[in-house]
Each structure stands twice: as C-alpha cells, then as structure tokens.
Amino acid sequence: MSIQEQIEALRDELHQHNYNYYVQDNSTISDFEFDVKLKQLQELEAKHPEFYDASSPTLRVGGEITKNFETVAHEHRMYSLENSYSKDDLLDWETRIKKMVDGAISYTCELKYDGASISLTYENGKLLKAVTRGDGFQGDNVTANIKTIKSVPLQLKGDYPEKFDIRGEIVLPFEGFIKMNEERIEIGEEPYRNPRNTASGSLKLQDSSEVAKRPLECLLYNITGNNLNIKTQSESLEKARSWGFKVPEIAKEVNSIDAVLEFIAHWDIHRHDLPYETDGVVIKVNDLQQQEELGYTAKAPRWAMAYKFKAEQVSTRLNEITYQVGRTGAITPVANLEPVELAGTTVKRASLHNADQIEKLDICEGDMVFVEKGGEIIPKIIAVDLSQRPADSQPTQYITQCPECNTALVRQEGEAQHYCPNYNGCKPQIIGRIQHFISRKAMDIDGLGGETVALFVNAALISNYSDLYELTLEDVLPLERMAQKSAENLLNGIQASKDVPFERVLFGLGIRYVGETVAKKLVKHYKTIGAIANATIIDLVTVDEIGVRIAESVTDFFQTQTNIEIVERLIRFGVQMEISAEKLANQTNKLEGQAFVVSGVFHLVSRNELKKLIEDNGGKVSSSISSKTNFVIAGDNMGPSKKEKADSLAVSIISEQDFLNMIL
Ligand code: AMP
Ligand code: ZN
C-alpha cells in the first residue's frame with residue numbers, strides 16, 4: 001500500500017468508528033485501539049503534509065484558534081417558527097393552510113430540541129462550513145469548532161447530493177452537562193446554569209480544542225438546497241440518516257391534528273426520559289410540494305408550527321432559607337420547600353444561588369413560590385406569589401456570619417458569592433478539602449470515603465490532609481463501624497497514595513482554579529513543588545493557559561503559612577512532589593532560554609502540539625511578539641501586523657519544519 005492509500009484507509013476506518021460510536025451509539029473498537037490508529041494517522045499526516053485533508057478525523061481534537069468569527073450570509077435564510085399552545089391553535093393553523101393547498105395534508109411530528117441552531121454546508125460529501133443562525137440572514141462561521149463535534153460527519157456516505165445545507169441543533173446532553181459541572185465545582189468554579197446556554201456558548205469559544213472536550217451533539221432536522229430530488233420531510237430525514245447524520249428516530253408521520261395531539265401528549269411525558277433537553281414539538285407539512293405552495297411569512301414558514309411544552313410549574317411554600325458552606329468557603333443559600341411533585345420527582349429544595357438572586361426575587365420565608373423545572377436540572381424558583389404573602393412576613397436578611405463557624409462573611413468586589421474566610425477553622429471547608437484530596441482524580445485513596453473523612457475530622461483525629469499520613473490502627477479502630485480489616489485497608493490505601501504522580505497530588509491540594517489540566521501544565525513547566533511555590537505572578541502567567549486569576553490563587557496558596565507547613569509535611573511523608581524521572585525523560589532542554597510565538601495555521605503538527613513540543617524541550621511560549629521573543633513559528637495565514645512586528649524587532653521567522661529540525 002502506498003502512503004497515500006494507508007492514510008486514506010485509516011481516515012475511512014476512523015470515520016466509520018466515529019459514526020458507529022457517536023451516531024449509532026454502537027461502539028465497534030476499543031478506545032485504546034482507536035487512539036492508536038488516530039496517532040498513526042496523525043504521524044503519517046505530519047510526515048506527509050502533501051496529503052492534507054480538511055475532513056480528516058484528526059481534526060476532531062481541535063487546536064485551531066479563532067479570534068474573530070467571520071460573518072457569513074446564509075444562502076438560504078434560517079427562519080424562526082411560529083408558536084402554538086393549544087389544540088385550537090393547531091386547528092386554526094390547519095384551517096388556514098387547507099385553504100392554500102390542494103389535496104390531503106399529512107404531517108411529520110418532530111421534537112423541538114433545545115440547543116443552538118446551526119447550518120452545515122456540504123459539498124461533494126465534505127463539510128464545507130458551519131454557520132450559526134445569527135439573525136437568520138447571516139451568522140458566524142464556527143466551522144473549526146463544529147468539526148470537533150463527533151456526531152457531525154466530516155465525510156458523508158451513500159448517494160448524497162453534490163451540494164446542500166442541512167440544519168440542526170447543537171445540544172449538550174444532560175449526562176455530559178452534569179459531568180462538566182462536577183468538574184467545575186471541583187475547581188471551585190460556579191456551575192453552568194443550563195445545557196442550552198452552555199451549548200450555544202461553546203460554539204463561540206476561541207479555542208476549538210476546548211470545544212472538543214465538551215460532549216456536544218448535533219441533531220439534524222432539515223435539508224435545504226436546489227434539485228435535491230426529495231419529495232417529503234420524512235424522506236429527507238431518512239436520507240440524512242443514510243448519509244451519516246444523527247437524526248433522532250422519534251419523528252413520526254401522521255394524518256390528522258388529533259394524531260399530532262397524541263404525539264404531543266406522549267412526548268410531554270416521555271421527554272423526561274430523553275438524554276437531552278426538548279422544549280416542544282415541531283409539526284411540519286410532510287409534502288415538500290405543498291410546503292413550497294405555502295411558502296413563508298416575514299419570519300417563519302407557513303408549513304411548520306412549533307408547539308411549546310408547558311414548562312412544568314407548581315406552587316409551594318418556602319419553609320426556610322438555609323445556607324451551605326462549600327469546600328472553598330463559598331456560601332450558597334438554599335430554599336427548603338414544602339415537598340411537592342414536579343415532573344415526576346418530589347422537590348424539597350431549590351438553589352437560590354446568591355444574595356442578588358434573593359433580592360431580585362424579593363423572597364421571604366413563608367412565601368408561596370412558583371417552582372419550575374425548565375432547562376435547569378435543579379428546580380428553580382421563578383417567582384413569589386405576592387398576593388399570598390402572610391401579613392407577618394419578615395424581609396429576608398442575608399446572613400452576615402458563617403452558619404458553621406460564625407466568622408464574618410466577605411464578598412469580594414465583582415463576585416456574586418459570599419465567602420467564609422475562616423480557611424483553617426471552618427468545618428465544612430476542612431472536611432471538603434480533605435474529601436477533595438482523597439477523591440478519585442486526586443489521591444484516589446482505596447478504602448477511604450467522604451463520610452469517613454468527616455468522621456475523622458469530627459473525632460479530631462485529623463484537621464488537614466497531611467494528618468492522614470500519621471493515622472495509626474490505634475487511632476482508627478475505636479471509631480464506630482471500623483473493623484480491623486477495613487482499618488488495615490484504609491491505612492494501606494493511604495500508604496499506597498505516596499506513589500500517586502505529582503500532578504494528581506498538586507490537583508489534590510485543592511488550590512482554587514487549579515483543576516486537573518492546570519495542575520498538569522504547572523507540573524510540566526515547573527517540575528517540582530518548590531519551583532511552583534516560588535513562582536511569581538508574572539512568571540506564572542507566561543505558562544500556557546495560566547491567567548492572572550489562577551496565578552494569584554497559586555501565589556496566595558503558597559504564601560499562607562499553614563499551607564507551607566502542610567506541604568512540607570507531605571514532602572516529609574514521602575508524597576510525590578516532583579515530576580517522575582520517566583516523564584522527565586521525554587523532555588529535553590534543547591530550547592532552554594528561548595521564547596517562541598506561534599502564529600497561523602499548521603499542517604505538520606497542530607498548534608497545541610507545537611506548544612507542547614516547545615515546552616517539553618524547555619522553551620517558552622508567549623502569545624505576543626516582543627523584544628524578548630527569539631522565534632516566531634509561522635504557519636499559513638500569519639497576520640501581516642505580526643510579520644511587521646517581527647521584522648521591526650528583528651525576530652527570526654521560521655517555518656514549522658525549521659522548528660522540528662531544531663528539536664529532532
Ligand atoms: P424559536 O427559536 O422558538 O423561534 O424556534 C425556532 C428554532 O427551533 C429553530 O431555529 C431551530 O433552531 C429550533 N428547532 C429545534 N428542533 C427543531 C426541529 N425539529 N425542526 C425545526 N426547528 C427546530
Ligand atoms: Zn465558616
């Protein structure tokens with residue numbers, strides 16, 4: 001097989017596996033094998049840039065940066081939909097359209113996916129561009145980001161037309177949304193409010209490799225174009241499916257408004273079992289000839305109608321507002337409600353988010369409130385029924401002291417949340433930090449769970465995570481429900497955690513904003529805890545992806561005496577506090593003291609890989625050219641102003657090949 005044939009075979013194979021997994025939900029290869037093949041392809045592509053292909057599965061990992069999204073006109077306008085809310089609305093609509101077309105009308109019913117709309121243009125079976133809806137006439141070109149969504153086919157199959165647009169919705173399924181939020185909470189960040197806004201926000205991220213990390217999906221529902229030779233909407237859904245698009249099977253063809261109503265009634269209940277958010281049903285005239293006769297109003301097609309599900313809402317009494325203290329000291333007010341049934345679950349509590357939210361709602365204990373389950377996973381209080389406010393109602397006074405340790409709360413300028421500053425003395429913070437330290441992605445201590453940690457802290461056996469390493473059988477055994485065997489397991493688990501690699505230890509320390517990725521970056525760059533502890537803010541921000549906020553948090557942590565002592569104890573106990581020799585072996589200092597700026601689009605290696613190679617070999621990556629820059633690695637389309645700047649400062653401009661020659 002020639003190199004070109006090998007590359008093409010790998011691409012075809014990976015496209016097929018992607019399709020099986022992300023469109024068909026049917027995996028046909030192990031993750032490991034997939035990664036191996038992807039790496040093979042990446043290597044071949046790097047060696048043979050002459051076979052570059054804008055549809056290669058290697059583009060799924062992202063890496064392209066878009067500073068300003070280009071505005072693109074839609075060849076076919078993206079319309080909005082008219083809304084209906086009742087059987088009568090639908091019957092009126094049917095009466096109207098029956099006057100305008102001949103013959104019987106049949107309909108397709110589809111779910112209305114709640115996400116961000118997108119228009120994809122395909123030419124000769126390849127994704128040419130992806131554009132957001134914008135104002136319907138023109139939107140933003142977000143192609144690089146969309147290519148990272150695995151259910152968007154980059155190469156079509158079957159008998160697809162030469163050129164067409166296909167419209168759909170980018171959604172963020174609940175499972176992935178919840179996982180993203182767990183990760184945010186882990187690093188002390190506010191969770192995202194709902195999947196829809198998070199999905200649409202994702203499309204406009206500048207770094208496509210960030211988009212690649214988000215578990216987005218693309219659900220398609222409409223094909224637009226000329227000479228497509230398709231006769232009905234149901235046929236177009238089937239065709240799209242056969243070309244490799246993800247088109248939910250739920251769509252149904254029916255012959256009467258009564259049948260439409262049955263579909264609505266069914267999905268109004270069963271939508272709660274779907275993996276993603278929907279907010280209604282879209283009813284479309286099935287026959288495309290009839291659709292054409294009906295045409296459009298100024299805003300929407302006459303041949304389609306949205307039916308909005310009623311957001312499920314109930315009213316109940318707010319019994320009490322309580323306040324929770326998180327691991328970072330953040331205070332969250334919680335509404336404790338008179339238990340009430342809502343969308344199939346019993347709701348007892350709802351988050352009130354922060355003091356501003358309480359003020360905005362003008363909410364008091366004893367109020368009757370409206371609770372809704374909309375896009376949010378956690379039910380939300382949307383309003384107070386002021387007409388039912390008790391005469392003796394007292395205005396809500398936001399707490400000024402920590403409910404756990406009575407310390408005066410602080411609220412930083414520009415932050416929504418109040419914090420308890422009693423870092424070392426506030427129980428939930430102490431317990432939360434140790435729980436984070438032992439968690440799966442950090443020290444992953446076998447035999448030790450979150451509740452046991454709370455038990456140890458309450459029994460005054462430990463007060464920070466370094467104390468874990470001094471626990472003995474005699475300490476642990478007297479505790480309730482602690483058998484000899486499990487006590488031994490637990491202590492062995494603690495000992496074993498001394499081998500956990502430094503990057504996970506660093507993550508486990510629970511420095512605010514230092515999540516898994518940031519911890520890895522810091523470890524790679526600084527290599528030892530000492531170097532990280534001594535780094536200044538100015539120094540830290542030169543590390544790729546470390547901003548001022550993270551830098552400040554890191555320096556704050558290592559300027560706190562108690563933290564210094566705890567870290568020193570961890571070192572003494574033998575916990576890993578530097579990068580392992582094995583990791584170090586992959587790194588050189590060939591580029592020591594050299595500063596690089598990377599600009600443009602690359603073919604041999606991705607932009608992120610270039611940065612990694614620079615750092616692995618001891619060089620520095622900075623984002624803008626200055627007199628300190630030694631080299632600019634220029635790809636295609638490097639901006640003219642960058643070139644001018646480099647020339648004026650006499651900074652060498654080199655190609656990616658030149659760069660690879662420096663390190664190989
Ligand atoms: P609206 O934003 O309320 O005007 O509703 C119109 C939007 O619904 C369209 O722009 C689409 O993004 C979205 N939508 C979701 N699911 C469908 C579907 N099955 N058919 C048509 N539009 C849909
Ligand atoms: Zn406190």
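Restricting to the stretch 573-596, name every residue that is part of a helix (DSSP H, G or I) and out of contact with any helix residue (DSSP H, G or I) (no Cβ under 9 Å at 6 or more places or on another chain). Don't jump to the end; show me each part of the working.
So in the stretch 573-596, the residues part of a helix (DSSP H, G or I) come out as 573, 581-585.
Within the stretch 573-596, ALA581, GLU582, LEU584, ALA585 meet the criteria.
What residue, among those in the stretch 232-282 that are assigned to a strand (DSSP E or B) and within 31 Å of the chain's Cα centre (by Cα), is farthest from GLY344 (Cα to Cα)? Outline the logic, then answer.
If we filter the stretch 232-282 for residues that are assigned to a strand (DSSP E or B), which is where we start, we get 232, 252-254, 278-282.
If we keep only those that are within 31 Å of the chain's Cα centre (by Cα) too, we end up with 278-282.
Numbers: THR278: 16, ASP279: 17, GLY280: 18, VAL281: 20, VAL282: 24 Å.
Across the stretch 232-282, the extreme among qualifying residues is VAL282.
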In the stretch 107-162, what residues are over 29 Å from VAL281 (Cβ atoms) and hydrophobic (A, V, I, L, M, F, W, C)?
LEU128, ALA144, LEU154
Looking only at the stretch 525-535, decide whether some residue is in contact with a Phe, Trp or Tyr (Cβ under 6 Å, 6 or more places away or on another chain), within 29 Å of ALA496 (Cβ to Cβ), of a type outside the set (Gly, Ala, Ser) and surrounded by 19 or more Cβ atoms within 10 Å (Cβ to Cβ).
yes
Hits in the stretch 539-552 - residues which are surrounded by fewer than 19 Cβ atoms within 10 Å (Cβ to Cβ), assigned to a helix (DSSP H, G or I) and in contact (Cβ under 8 Å) with a residue 12 or more places away in the chain:
ARG549, GLU552
Regarding SER652, is this residue in contact with a Leu (Cβ under 7 Å, 6 or more places away or on another chain), over 30 Å from SER56 (Cα atoms) and among the small types (Gly, Ala, Ser)?
no
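Mind counting the residues in the stretch 283-309 that are within 15 Å of ligand 1 (Cβ to nearest atom), assigned to a strand (DSSP E or B) and more than 30 Å from the chain's Cα centre (by Cα)?
Filtering the stretch 283-309 down to residues within 15 Å of ligand 1 (Cβ to nearest atom) leaves 283-286, 288, 291, 296-309.
Retained after the next criterion (residues that are assigned to a strand (DSSP E or B)): 283-285, 296, 301, 304-308.
Still in the list and also more than 30 Å from the chain's Cα centre (by Cα): 283-285, 296, 301, 304-305.
The number of residues fulfilling the criteria is 7.
Given the condition under 30 Å from GLU262 (Cα atoms) and either modelled with pLDDT of 95 or more or surrounded by 15 or more Cβ atoms within 10 Å (Cβ to Cβ) (or both), answer yes or no: does some residue in the stretch 125-141 qualify? Outline the logic, then answer.
So the first thing to find is which residues in the stretch 125-141 are under 30 Å from GLU262 (Cα atoms), and the list is none.
No, every residue in the stretch 125-141 fails to be under 30 Å from GLU262 (Cα atoms) and either modelled with pLDDT of 95 or more or surrounded by 15 or more Cβ atoms within 10 Å (Cβ to Cβ) (or both).
Quick check, is GLY425 within 16 Å of ligand 2 (Cβ to nearest atom), surrounded by fewer than 16 Cβ atoms within 10 Å (Cβ to Cβ), touching a residue at least 12 places away in the same chain (Cβ under 8 Å) and not hydrophobic (A, V, I, L, M, F, W, C)?
Working: within 16 Å of ligand 2 (Cβ to nearest atom): yes; surrounded by fewer than 16 Cβ atoms within 10 Å (Cβ to Cβ): yes; touching a residue at least 12 places away in the same chain (Cβ under 8 Å): yes; not hydrophobic (A, V, I, L, M, F, W, C): yes.
Against the criterion (within 16 Å of ligand 2 (Cβ to nearest atom), surrounded by fewer than 16 Cβ atoms within 10 Å (Cβ to Cβ), touching a residue at least 12 places away in the same chain (Cβ under 8 Å) and not hydrophobic (A, V, I, L, M, F, W, C)), GLY425 qualifies.
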Please state which one of VAL61, VAL101, VAL72 is farther than 30 Å from GLY280 by Cβ and in contact (Cβ under 8 Å) with a residue 60 or more places away in the chain.
VAL61
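Restricting attention to the stretch 93-104, which residues are of a type in the set (D, E, K, R) and surrounded by 14 or more Cβ atoms within 10 Å (Cβ to Cβ)? Please lay out each step first, then the result.
Of all residues in the stretch 93-104, those of a type in the set (D, E, K, R) come to 94, 96, 98-99, 102.
Hit for the stretch 93-104 is GLU94, nothing else.
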Is there a residue in the stretch 96-111 that is touching a Ser or Thr at 6+ places or on another chain (Cβ under 9 Å) and within 12 Å of ligand 1 (Cβ to nearest atom)?
yes
In the stretch 128-155, what count of residues is obtained for those that are under 17 Å from TYR221 (Cβ atoms) and away from ligand 1 (no atom under 16 Å from the Cβ)?
1
In the stretch 620-664, how many are aromatic (Phe, Trp, Tyr) and touching a Ser or Thr at 6+ places or on another chain (Cβ under 6 Å)?
1
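Of these, GLY326, GLY344, which one is more than 16 Å from ligand 1 (Cβ to nearest atom), surrounded by fewer than 17 Cβ atoms within 10 Å (Cβ to Cβ), at positive phi and in contact (Cβ under 8 Å) with a residue 40 or more places away in the chain? Outline the logic, then answer.
On the way: GLY326 fails: at positive phi.
Residue meeting the stated conditions: GLY344.
Each row is one residue, and each column tells you yes or no for (1) away from ligand 2 (no atom under 16 Å from the Cβ); (2) at pLDDT below 90; (3) farther than 30 Å from ALA496 by Cβ; (4) acidic (Asp, Glu).
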residue	(1), (2), (3), (4)
ALA355	yes, no, yes, no
ILE378	yes, yes, yes, no
VAL384	yes, no, yes, no
PRO395	yes, no, yes, no
ARG411	no, no, yes, no
PRO421	no, no, yes, no
ASP446	yes, yes, no, yes
Identify, please: which residue in the stretch 437-470 is of a type in the set (Val, Ile, Thr) and touching a residue at least 40 places away in the same chain (Cβ under 8 Å) and is, among those, farthest from LEU509 (Cα to Cα)?
ILE445
Criterion violated by ARG60 - all others in (1) within 25 Å of SER606 (Cβ to Cβ); (2) of a type in the set (Lys, Arg); (3) within 16 Å of ligand 1 (Cβ to nearest atom) satisfied:
(3)
Sort out which residues of the stretch 400-425 are part of a loop (DSSP other than H, G, I, E, B) and either in contact with a Phe, Trp or Tyr (Cβ under 8 Å, 6 or more places away or on another chain) or within 16 Å of ligand 1 (Cβ to nearest atom) (or both), and write them in order of number.
PRO403, LEU409, ARG411, GLN412, HIS418
Scan the stretch 181-207 for residues that are within 12 Å of the chain's Cα centre (by Cα), in a helix (DSSP H, G or I) and not charged (D, E, K, R) and report the count.
9
Tell me, which residue of the stretch 555-566 that is touching a Phe, Trp or Tyr at 6+ places or on another chain (Cβ under 8 Å) and modelled with pLDDT of 95 or more is surrounded by the fewest Cβ atoms within 10 Å (Cβ to Cβ)?
ILE564
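The values are calculated or read from the model by the stated rules, or taken from the named source; none is laboratory data. What you are looking at is a predicted structure, and each value in this text was computed from that prediction instead of being measured. Don't worry about glycine lacking a Cβ; one is built from the backbone with ideal geometry, like all the others, and counts go over all protein chains shown.
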